[in-house]
Amino acid sequence: MDVKSSPAAAHPYGDPVLVLALDTATPAVTAGVVELEAGSPPRTLAQRVTVNAKAHGELLTPHLTEALAEAGRALSDVDAIVVGAGPGPFTGLRVGLVTAAALGHALDRPVHPVATTDALAHDAATGAPLLVATDARRREVYWAAYDADGRRTHGPDVERPAELAGKLADLGLAQAVGEGAALYADVLGLPVLDGHAHPSPAGLVAAAADALLSGAEPAPLTPLYLRRPDAVEPTGRKRVTRP
């Protein structure tokens, strides 16, 4: 189910572009205020990150409010919003997307979704072919592959680590980042870079930089769940048997 985003053209971007970055696709609750200028990497003015897989709904709004206050900015100063679209678990992921959509609508600001794996690839920026893998629970990982220039070449997808390991030789990947990569490093057999378990606000904005700087229309806010939710609609009434 898509979440509607606000129109892109109502307000021109400032210079530099002031971006509110949000992500709830991993156990981290992430909010940050980031400046973006052409020809320069994103500059984080303030951020709040708490790793708590059960607190996305509780912490995201306080985190973004605190980050704005630390940066000395108000919501009305924000030119655009960037939000991680997953892949991620249903409950946590929708918190970020719905919050971003609501803010975009209220402020009449564009909301740009980015793959959370893309943000992690920008954070790592290794200059080598890279596997990004986050924890999908159920002994699976969400993963995507990137070339030496940081372009996504495969995924995102969800898979068991042993099944993914069998594909790595053909993908030609040299190293890995992400919580899933660290959890299953012994299975995947790739060196894991420290310090990139969860996406940063700067990484999220870097993943959307081209669209932000060009003023492009945002993509639909479509969450990347990659698998069906556990809950299913009942197919009919249960038969009651009398004793």
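Okay, here's what the table says:
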| read-out | value |
| --- | --- |
| Normalised contact order of the chain, rounded percent, pairs of Cα under 8 Å and 6 or more residues apart | 24 |
| Fraction of beta bridges assigned by DSSP in region 114-180 that are antiparallel (%, nearest 5) | 80 |
| Axial C-alpha extent at least 15 Å, average Kyte-Doolittle at least 0.5 - helices from the chain (DSSP) | 90-107 |
| Whole-number D in µm² s⁻¹ for region 59-211, Kirkwood Cα-pair radius fed into Stokes-Einstein, 25 °C, 0.890 mPa s | 152 |
| Rounded to 5, percent antiparallel among DSSP beta bridges of the chain | 70 |
| Total formal charge among the other residues, if their Cβ is under 13 angstrom from that of residue 35, Lys/Arg +1 and Asp/Glu -1 | -2 |
| Area accessible to solvent at residue 94, 1.4 Å probe radius, in Å² | 110 |
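The values are calculated or read from the model by the stated rules, or taken from the named source; none is laboratory data. What you are looking at is a predicted structure, and each value in this text was computed from that prediction instead of being measured. Positions of Cβ are backbone-derived with ideal geometry, glycine not excepted, and every protein chain shown enters the neighbour counts. Side chains are part of the model used for accessible areas, which takes the heavy atoms of the whole protein and leaves out ligands, DNA and RNA. Shrake-Rupley method; radii C 1.70, N 1.55, O 1.52, S 1.80 Å.
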